[in-house]
Structures are given as C-alpha cells and as structure tokens.
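Down below is the structure, laid out as structure tokens.
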Amino acid sequence: MFASENIKELYAYIDTDNPLACWEVAIGRVRSADDRDKNFGISSWMYNRLKKFAKLQDKLYNSLEQWDNIIENENLKDCLKNKYQKTRLSDKNQIQAELDLLTTQIRNEFHLEHIRKNYFPNEVSRFTGVFFFESLKDAKNAIKKWFNCESMQQEKLKNIVNVHFLANHCSKVDSNWILKKINQNDDNNDWMHHYWSGVCYFNIPYKLEDPIFELIVSGIGKIQGKSLREHAYQKAKLAGKNFDIFLETAIWGFYCDVSKDIGLSKFALLYSPKTQEVEGHFYIYMDDYKNKHILNKISNIMNKNKVKCTPINESIINFQMPDQREESFSLSLKDIKTFELFNEI
C-alpha cells in the first residue's frame, strides 16, 4: 500500500480537538477528503468554518429572541427596559461583527475554489486536500506566524507531526496570501490568481514578506512517531461505547497495511432541496468491520502482538456511535445572503 519510492516525507500541524482528526491521528492516518469517494467529503478545517458560521447564526437569533422576551415583559420598569435594550444592541453588534468577518472569509474561500475550478483545475482544492509543509522548520515558522501568543505557539508546536505521504496530486502555494487577504471584502480577485499560480506574496511590488510555503495534497499517509498518536488515542477511545475496540482494530488494520479504509472518518455536507438546508455531519465507514477476510487478518496480527481486545464480531451489535450533535450543523439557504454564498460554488 505504501511503496517507499513514492512516499513524500512531510510535516503537518494537526488539531486533536477536532474529533475527526483525533480519531484519524489515533489510527495513524492522514487522508484527503477526495482520496476515496471524490464527491463525498470536505476538509475538516473548512467544515469547522461552516459549522462556526451556522452556530453564530443560531447564537445571534437566540440572543435577540432572549432579550426580546425580557424587554417585552409588561412589568419591566422603563429604566431597566432601556438598559436591556442597550445590552441587546451591544450583544447583537458583537455577534454580528464576528459573523460578518466569518462571512467574508468563507466567501473568499468560495471565490478561491471557483477560480481554481475555472482557471487552475489541476491544483488541489482547499476544500478537500490536506495541508503540509516540506520541512519541520517551515511548519514551525508557520505556527509562529499564525499565532501571536507565545504560550499558544508552544502548545501548537506539540501538534506538528512527521507524515510519510503517498500523494496523488500536490499544489505548492504561499499561505501569506491567505493571511493577508482572506479577511478583506474586496471584489478584486487578482490575488487569488497569484495564490493558485504559486507566486510568492513578497514577489509582488512593495510586499516585503518571507513566503510561508505549504503544500495542498491529495492522497493518504502514515503518521510517524507515537507521542501525538497516543494522546489522540486516549481521547478517542472514550468517545462512545466499545469505541476502543473499533479503534484498536482500525489501528492494526491500517498500520499493518490490511486495509487503508477501515474506520475511515469524514466530514460531509448534504443538501436537502425539500427543506432548502445544508447539513453537516460526521461519518465513519463501517464496511471493513463487517468483512470477515479483513477481520481475520487483523485478528491474527493482533494475536501475534498479544493485543488484549474483545473480538470485533462480538461487539458490533453493541457498538454505539458517540453523540455527534455538537459536530453537526444545519444552514438554511432560505436566507438570501447564505444562499448567494453557497450558490457561488
């Protein structure tokens, strides 16, 4: 499955607070969303942005409704009513400002994808690819550039891992374009063409920035080293009933090259024309857990390595997915601004 001559040695920053990343890191796998089922799956970082967008919309609606219920109370004194109205306005402005910034970021991401599809179709999509650095030094420099707080930098640096990656396609870009431009509400999209062309930000006149080269890659890879994997394993195995059994089976199955798909997790977006909503959900592929040939191979490997684990076929009936409601979201496209945002891609 992993021929040595085709392997790239790369480095990635992985956020193990993300449940999908945590599960996959515990298994030791890094895989782009388009490596299996090209039309099903979205990169975890983009999913999280859309989820945050949906949660902020809900937060704004709930906050206004809560304040309106208080203010409309007939027994409320005028002085308190005026005070609460000011607080309501302050809360609204604060949430709206955050929502507006996120809307700009997402719209720019959608514009980037639109330009990639139309002008740079051979480049790897930010919506489905995984992000890497060519060296540990590049990865560390990026963390220091992305996060201003030193204590946060030190924490993030612990989550840099070495990955042996089998790449189908690879795009090399300067992420300075994203850092400098993604928050700008500007109709001029020349910078997006520069980004996909691989042009360095500092090569443009009057820009004095060192490049932060990163790779957007399609394919699958194995995480090297045990520290972060062990940390992710301890978190992931507590996620649901018998999850540790399924996780252990996926670890041995993937790392011993029995199955690259076993226990594969993905974030995906589903559109319902009936309700005019986009829903985000977390999925785990279960097919290989029901394949006796694959399970027998893994079981033999685990027995040879004296792994203490309940046989997988005895626990499938009792398997219970963890509560993923916090990871799911729903976006109504009835709102004209939201519809226009999604209609661009």
Taking placed amide H atoms and a strict 5 Å upper bound, the residues 5 or more places from V163 or on another chain that come that close are L10, Y11, A12, Q224
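Going by how many other Cβ atoms sit within 10 Å of their own, how do S44, S32 line up, fewest first? Working shown, then result.
On the way: S44 22, S32 25.
Exposure proxy ranking, most exposed first: S44, S32.
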Long-range amide H partners of N168 with built H, under 5 Å: S218, G219, I220
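So if each residue of separation counts as 0.36 nm, and I subtract the Cα-Cα distance between K59 and S197, what length gain in nm does that give? If you can, show how the numbers build up before the last one.
Values: separation 138, 0.36 × 138 = 49.68 nm, distance 3.86 nm.
So the extension gain works out to 45.8 nm.
At a temperature of 10 °C and a viscosity of 1.306 mPa s, determine how fast the range 9-151 diffuses translationally according to Stokes-Einstein, using the Kirkwood radius over alpha-carbon pairs as Rh; express D in µm²/s, rounded to the nearest whole number.
For the chosen part, D equals 84 µm²/s.
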Can you tell me the order of 226-232, 9-15 when each peptide is scored by its average per-residue count of other Cβ atoms within 10 angstrom, highest first? 9-15, 226-232
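Taking the Cβ of each residue in F53, F202 as the centre, tally the other Cβ atoms inside 10 Å and list the residues starting with the fewest. Display every interim value, and only then the final one.
Values: F53 19, F202 13.
So the residues, fewest neighbours to most, are F202, F53.
In the calculated pair distance distribution of the range 125-192, what percentage of Cα-Cα distances lie above 16 Å?
On the way: 1363 of 2278 pairs.
Tail of the P(r) past 16 Å holds 60 percent of the pairs.
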Dipole in debye (nearest 20) - the range 4-339, about Cα centre, beta carbon charges: Lys, Arg +1; Asp, Glu -1: 620
As computed over the chain, the Cα convex hull volume per residue (Å³): 194
Just how far, in whole angstrom, is the range 249-269 from the range 22-54 if you go by their alpha carbon centroids? 13
What residues qualify as long-range amide H neighbours of E277, i.e. H under 5 Å apart, gap of 5 or more or another chain, H built at 1.01 Å from N? S272, L333
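Just so you know, all these numbers are worked out from the coordinates, no wet-lab data involved. If you're wondering where the values come from, they're calculated on a predicted model, not measured in any experiment. In this analysis, Cβ positions are derived from the backbone assuming ideal geometry, glycine residues included, and neighbour counts consider all displayed protein chains.
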